[in-house]
Structures are given as structure tokens and as C-alpha cells.
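Take a look at the structure below.
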């Protein structure tokens, strides 16, 4: 018997065909027709792409706790800004509303404190509104503004001590909320 029977080679169909290797690494045809069918009969399995097993299904956004704390800080800052604004208005309209202690280290007139509270009330409110966007710059500005508000209310303690103490405590809570970790 000869090696050629009926015009076909005597090698079995499952034997690998010699190729130049031009397309075997990526799983494409090597340039001959019917290569896809020959690969299927040989049991060809394509290699996974690099990094295929390295896929992590981790949330990329901030945690729910961090978003909630930012929202609480934003609302507290907006409410505090409105209250500072109205206390500034009260100091400007009727300065006798606030009791001034004699011999205090910081001697600023009630009208001066009124303007300071009016301006900082607007700034604190706008910062709280910006925190609703949940941007990094808004959180940084929020921490700075809350720290300045705490210092300002510390200086205002002789004029109305209970309210100043409450605002300082809220400012510390706001700073802690804005500095909370953002990821899970």
C-alpha cells in the first residue's frame, strides 16, 4: 500500500499540522482555510487574557457610612450657617441683645461680632451646600470652615456661653464626619 490513498495524506486528522506559528499564540487562523474546524477537532482551548484572574469586584465608591456622615455634616453646617447668619443680624439690629462682660481679653464690639457672624454664617451655609456634591474640595473646605467656626465660637464664649459650647461640639462632630475614611 502506498502512503497516498485517494489523493489524501495517510496521517490521521487529529495529528497536529506543522505551521509557522503565526497565529497560534492568539488563537487566530494560521493562514490556511478551514483552520477553525481543525482547531475544534484537536480540542483547542484559547488561553485566558493576561490579568483575567486578577479581576476584583470591589466597590469603587465611598462607603454608605461615609456618605451618610458627609450628609449629616452638610446639614449641620447649613443649619449652623443659617443660625450664625441670624445671630449676626440680631447683633447688628439690636446690640443690647447680647450681654458684654467687662475685662474680657478680646474686646470687639457687638456690632463687629455681628458682621463677623453674618459673613461666616453665609460661608458656612455655602460650604454645607457644597458638601452635598460630595467632592474632596468641599470636604477640605468644610474641615477648615468648621475649625474656624469652633475658634470663633470659643472667642464668643463670654457673650453666650451655652450656645458657643454647643456649636464647638457640633464643629468637632462635623470635622470628625468629614475626616472619616471613604472606602470600605
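Every number in this text was worked out from the coordinates using simple rules, so none of it is lab data. Owing to the predicted nature of the structure, the values given are computational and were not obtained by experimental measurement. Every residue, glycine as well, gets a Cβ built from its backbone with ideal geometry; the counts of neighbours run over all protein chains shown.
Points worth noting:
- Filtered residues of the range 134-150 (kept if touching a helix residue (DSSP H, G or I) at 6+ places or on another chain (Cβ under 9 Å) and either in contact (Cβ under 8 Å) with a residue 60 or more places away in the chain or surrounded by fewer than 18 Cβ atoms within 10 Å (Cβ to Cβ) (or both)): 134, 137, 139, 140, 141, 142, 144, 145, 146, 147, 148, 149
- Cβ pairs under 9 Å, 6+ apart, first in the range 113-131 and in contact (Cβ under 8 Å) with a residue 40 or more places away in the chain and at negative phi, second outside any helix (DSSP H, G or I) and surrounded by fewer than 18 Cβ atoms within 10 Å (Cβ to Cβ): 113/98
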